[in-house]
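The values are calculated or read from the model by the stated rules, or taken from the named source; none is laboratory data. Because the structure is a prediction, the values reported are computed rather than measured. Backbone-built Cβ (ideal geometry, glycine too); neighbour counts: all protein chains shown.
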Amino acid sequence: MIKTTFPDGLVMGALNGLLRDAFPESCFLPECCGYIPGRGARAAVRQVMSALGRGYGTVLRLDILSFNDTMPQERLTGLIIRRLREARWDSDDLDLFHELIYRFFSRVDAVLATPGVGIGMGTSLTPLFTNIYLNRLDHFVKSPPARPVRAPEPRDNKAAYRLTVVASLW
């Protein structure tokens, strides 16, 4: 958990405002309920019950161990920059984003063990960063490619991935 100061809160608030405009709810799949305003655990349960009622037989639960502690900051920043460029942000706005994200990650790096890795827990940006980072995975799971894809083995236990079948009906 990262303790924040008043200046930290200002930086996070500015980043949150900028990024909420660039990543509206419509960017994320309707099936995704985590950390999205107006969606949540109840919406997720309703979706699962509806799918089971329509005859789907298996529900997949994906746990990503130590996710917030192992997310590469550079990759997350790259995903955000790509979206901001697609939205035709001008260079002044991109410079402002770089300054704010640098300040945020500097604060996170001071608390976490490995600089450049992790987004911290308990900040106002953690939920949005999580959704941005997992958005491509969500789309992949919903519409997998025609040919099988094998993910590389994790390099260490921190980044281990675990798939669990939660419910199976016949």
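Listed here are the residues, each with its yes/no results for (1) more than 14 Å from the chain's Cα centre (by Cα); (2) more than 24 Å from TYR102 (Cβ to Cβ).
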| position | (1), (2) |
| --- | --- |
| ALA43 | yes, yes |
| THR58 | yes, yes |
| LEU65 | no, yes |
| ILE80 | no, no |
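Of all residues being on the phi > 0 side of the Ramachandran plot and touching a helix residue (DSSP H, G or I) at 6+ places or on another chain (Cβ under 7 Å) in region 88-126, which is surrounded by the fewest Cβ atoms within 10 Å (Cβ to Cβ)? Just the residue, please. It comes out as GLY116. Selection within region 100-132: residues that are in contact (Cβ under 8 Å) with a residue 40 or more places away in the chain and aromatic (Phe, Trp, Tyr). The member of this set that is farthest from PRO37 (Cα to Cα) is PHE104.
Restricting region 1-28 to residues that are more than 24 Å from ASP93 (Cα to Cα) and surrounded by 14 or more Cβ atoms within 10 Å (Cβ to Cβ), the residue that is farthest from the chain's Cα centre (by Cα) is THR4. Among residues of region 50-77 being exposed (fewer than 11 other Cβ atoms within 10 Å of the Cβ) and without any contact (Cβ under 8 Å) to a residue 12 or more places away in the chain, the one that is nearest to THR130 (Cα to Cα) is SER50. On inspection, PHE129 passes the criterion of being buried (at least 18 other Cβ atoms within 10 Å of the Cβ) and among the aromatic types (Phe, Trp, Tyr).
It is to be established whether one or more residues within region 70-90 are within 20 Å of LEU15 (Cβ to Cβ) and either among the aromatic types (Phe, Trp, Tyr) or at pLDDT below 85 (or both).
Yes: region 70-90 contains one or more residues that are within 20 Å of LEU15 (Cβ to Cβ) and either among the aromatic types (Phe, Trp, Tyr) or at pLDDT below 85 (or both).
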